[in-house]
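The structure appears right after this line, and notes come after that.
Each reported figure results from applying straightforward, stated rules to the coordinates on display, with no laboratory input. Every value quoted in this text rests on a predicted model; they were computed, and no experiment measured them. So basically every Cβ, Gly included, is an ideal-geometry build from the backbone, and we count neighbours across all protein chains shown.
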Amino acid sequence: MEVAEIFDLVDWYRSNGPRVGKQYQSLQNVLQHNASQNQKQPVREQLHDLVEGLDALPMTELNLQQVAQLDKIGVGQFLGVRGAEFVERVVTESGYDPATSASEMKNALDKVTSVTEMLENLASALRAAGSMPDQPEDEVDDDTAVARIQFRQNASIGNIADMKKWSADWNDIARGIGHLVDETPHDMKVLGASKGSIIVCVSGSMALISAFAFMSKKVSGIVLDVLKVQNAIEDLRHKRISNEVIEKSMREDLKKRESSLVDDIIAGLKDRAGSMAEEHDAHLRTAVKKYVEFSKKGGEMDYLQPPEPEADEEENGPDQAQAHLTGELRDLISEIRSIKGETLLLEDLTVGDAE
């Protein structure tokens, strides 16, 4: 993450973490009482307040790297819809194992409350080192958006040959998608890169980055659907009502949707663009195919939320068109992050079932 994003994460957690921590504490008090006393207390009110608070957390304000950082420090699973699922499971299990449930809730409470201090200490250390949040890494124009291309898993870059391969693929991707908005790969600027799982930060027009975000949304939706089908099959097996015919039908339906993904994305992109010269169709199909392949191998694109348009921009001539593009991109980014949140939740459930 960039320094500014770390400070943004600290600010976000400062605004939301303590409130959720208090709600965890209220529920933990009741669970701890019920684990040690014969006279049980009702948990409905505390459970409702906490689940409602977790569901209301503005998780879509965080980009994928910030969410990954919360996972890395061990608190991500206790926030948002994932946290709500965790809490409801623990409370359900408290009816037959109150001691273990109280212990699990205490662990979540400790993590949620300790992260506030951890992040504040991190921000203080960065300030002491001279890294300030008000120092922009890269200035971009108002009509420009920023995205990150993350080369990871089987889409990672480990040597020059990998770099040559992915550079060629991304040139084709940018060229094909660029035709939709009358732009070329030269219009998609490289702002910087980070080490580890290599992340290339790029910028482009709102229209161009929105087209990429549309593709990301479609691909993320298929990833989520795959997990949903896998979980549904496992659920049927646990309930002993599954059979080969049902499973085969579910898998075939999913396979059809996966095989039509490229065509669906192309149709959606063309519809958004309004018109595109037929001679560019082959380039567009190549671009979408390579983007889908990049995603299947574990590559990912993340998008930085552009600032919300000012009220007067939404009412005036050219500014109105720009405000529309900005609003559209903001909506796409929120949808992508919501899908990612659901995906992480299902992955948590899958891991939990495996254990």
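To the nearest 20 debye, what is the magnitude of the charge dipole of region 26-121 about its Cα centre, counting +1 on the Cβ of each Lys and Arg and -1 on the Cβ of each Asp and Glu?
Numbers: 7 positive and 14 negative charges, 45 e Å.
In total the dipole reaches around 220 debye.
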Most positive-pole-ward Cα, S156, V91, V112, against dipole of region 32-161 from beta carbon charges: V91
Run the Debye formula on the Cα coordinates of region 105-245, all scatterers equal and no solvent, and tell me log10 I(q)/I(0) at q = 0.22 1/Å. -1.27
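Place the peptides 97-109, 271-283, 255-267 in order of packing, highest mean first, counting for every residue the other Cβ atoms within 10 Å and averaging per peptide.
Values: 97-109: 18.3, 271-283: 11.2, 255-267: 14.2.
Highest to lowest by the protection proxy: 97-109, 255-267, 271-283.
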Selected from V91, V190, V245 as most flexible by GNM, with the chain as the system and alpha-carbon contacts under 10 Å: V245
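How large is Rg over Rh for region 3-128, taking Rg from the Cα atoms and Rh as the Kirkwood inverse mean of 1/r across Cα pairs? Numbers along the way, then the final one.
Values: Rg = 15.4 Å, Rh = 15.1 Å.
In region 3-128, Rg relative to Rh is 1.02.
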Test of the criteria: in region 7-96, which trypsin sites (Lys or Arg not before Pro) are in a DSSP loop and have at most 15 other Cβ atoms within 10 angstrom of their Cβ? K40
If you place +1 on the Cβ of every Lys and Arg and -1 on the Cβ of every Asp and Glu, how big does the dipole about the Cα centre of region 141-355 come out, in debye to the nearest 20? 1380
Reach of K22 by Cα under 17 Å, taken over lysines that are not fewer than 8 positions away in the same chain: K106, K111
Reachable lysines, given that their alpha-carbon falls under 20 Å from the alpha-carbon of K165 and they are not under 8 places away in the same chain: K189, K195, K289, K290, K296, K297
What is the gain in length, in nm to one decimal, between T100 and S167 on full extension, counting 0.36 nm per residue of separation less the C-alpha to C-alpha distance? 19.0 nm
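Compute the length gained on full extension between K40 and N121: take 0.36 nm times their separation in residues and subtract their Cα-Cα distance, giving the result in nm to one decimal. Can you show the working numbers first?
Values: separation 81, 0.36 × 81 = 29.16 nm, distance 3.95 nm.
Gain on extension, K40 to N121, equals 25.2 nm.
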Could you state the number of Å between the C-alpha centres of region 3-56 and region 244-308? 39
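Arrange Y303, Y24 by Cβ neighbour counts within 10 Å, fewest through most, would you?
If I rank by nearby Cβ atoms, fewest first, I get Y303, Y24.
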Kindly provide log₁₀ I(q)/I(0) values, in the same order as q = 0.08, 0.15 Å⁻¹, from the Debye equation applied to equal alpha-carbon scatterers of the chain. -0.49, -1.36
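Using the membrane-span-like helix rule (whole DSSP H runs, Cα extent along the own axis of at least 30 Å, mean Kyte-Doolittle hydropathy at least -0.5), which helices of the chain qualify? Intermediate results must be reported in sequence, preceding the final value.
Values: long enough: 3-36 (46 Å, -0.60); 98-128 (45 Å, -0.06); 206-238 (47 Å, 0.68); 317-354 (56 Å, -0.22).
Membrane-span-like by this criterion, though nothing is claimed about a membrane: 98-128, 206-238, 317-354.
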Given 57-65, 174-182, 162-170, the highest-first ranking by average Cβ count within 10 Å works out to 174-182, 57-65, 162-170
Evaluated over region 260-309, the Cα radius of gyration and Dmax, each in Å: 13.3, 36
